[in-house]
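Visitor: Before we start, here is the structure in question, set down as structure tokens.
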């Protein structure tokens, strides 16, 4: 089955700097890659996703890049703000297969 | 549009008991998936229901079961609770495409004593 690895497990950045979280997946047939943000006491919230026919997608300060050849995808957050502090999860799936999640990255924004 | 709702939000049970958790998906969503979240194992897929049928199942013992009703609301049941079942149980709904664009509820925090 699919296996997703996520790095780093913790990340601290100064407010205003950029943060990058990376994930690799094992099944080259996977075609859907969402990113979720989970704040304390809440369920994961979908923040951005990308499909395998696209190499990059942006939404304001958030961007995701996908390298199908290397089987990795990354989340980029620019101009970080205190409200970006949370746990971020990547995931991968193939069509109608279940989502397989990474182990999460705890992002802390230092004021 | 209301989001995914889960009840109860918190639950305390003792070993050997059983528990039923409820999930109401976003209106119009027909797919409901359940996940177990623990600090050690992360987010683990339990099962997914679509139109009252279980379409996929994760690697959990038979003590974990679920069902979906005609209005797409779903319940999951855990029998003979063990200490290791303590976790946050999350429900997620999506429109038609099974695992695309899933929207999560706030979860039910289950503590087994």
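Read-outs: derived from the displayed coordinates by stated rules, not from any lab. Small disclaimer: the values here were computed from a predicted structure and weren't measured. Because the Cβ atoms are built from the backbone with ideal geometry, glycine has one as well, and the counts that use them run over all protein chains shown.
Visitor: What is the calculated FRET efficiency for residue A:56 to residue B:51, with r their C-beta to C-beta distance and R₀ = 35 Å, to the nearest 0.05?
Guide: That pair, residue A:56 with residue B:51, gives E of 0.50.
Visitor: Bin width 5 Å, origin at 0, all Cα-Cα pairs of the stretch B:32-113: what percent of pairs per bin?
Guide: Values per bin, smallest distances first: 3, 15, 26, 28, 17, 8, 3, 0.
Visitor: Counting C-alpha atoms alone, how compact is the protein assembly as shown: give Rg to one decimal and Dmax as a whole number, in angstrom.
Guide: My reading of the Cα-based Rg and Dmax gives 17.5, 51 Å.
Visitor: Each label point is 7 Å from the Cα along the Cα-to-Cβ direction; what then is the distance between the points at residue B:113 and residue B:10, in nm?
Guide: 1.3 nm
Visitor: Between the stretch B:69-113 and the stretch A:62-111, how far is it from one alpha carbon centroid to the other, in angstrom?
Guide: If you average the Cα positions of each part, the centres end up 22 Å apart.
Visitor: Which of these, A:93, A:52, A:74, has the largest mean-square fluctuation under a Gaussian network model of chain A (Cα springs below 10 Å)?
Guide: Comparing A:93, A:52, A:74 in a Gaussian network model of chain A, the most mobile one is A:52.
Visitor: Over the stretch B:1-107, what is the relative contact order in whole percent, taking alpha-carbon pairs under 8 Å and six or more residues apart? Let's see the in-between values first.
Guide: Working: 241 pairs, mean separation 36.6, N = 107.
With pairs under 8 Å counted, the relative contact order is 34 percent.
Visitor: Stokes-Einstein at 4 °C, 1.567 mPa s, Kirkwood radius from Cα pairs: D for chain A in µm² s⁻¹?
Guide: Answer from the Stokes-Einstein relation: 93 µm²/s.
Visitor: While we're looking at this one, here's another question. Name the residue, out of A:69, A:24, A:100, whose mean-square fluctuation peaks in a Gaussian network model built on chain A with Cα pairs under 10 Å.
Guide: Most flexible of the set in this elastic network: A:69.
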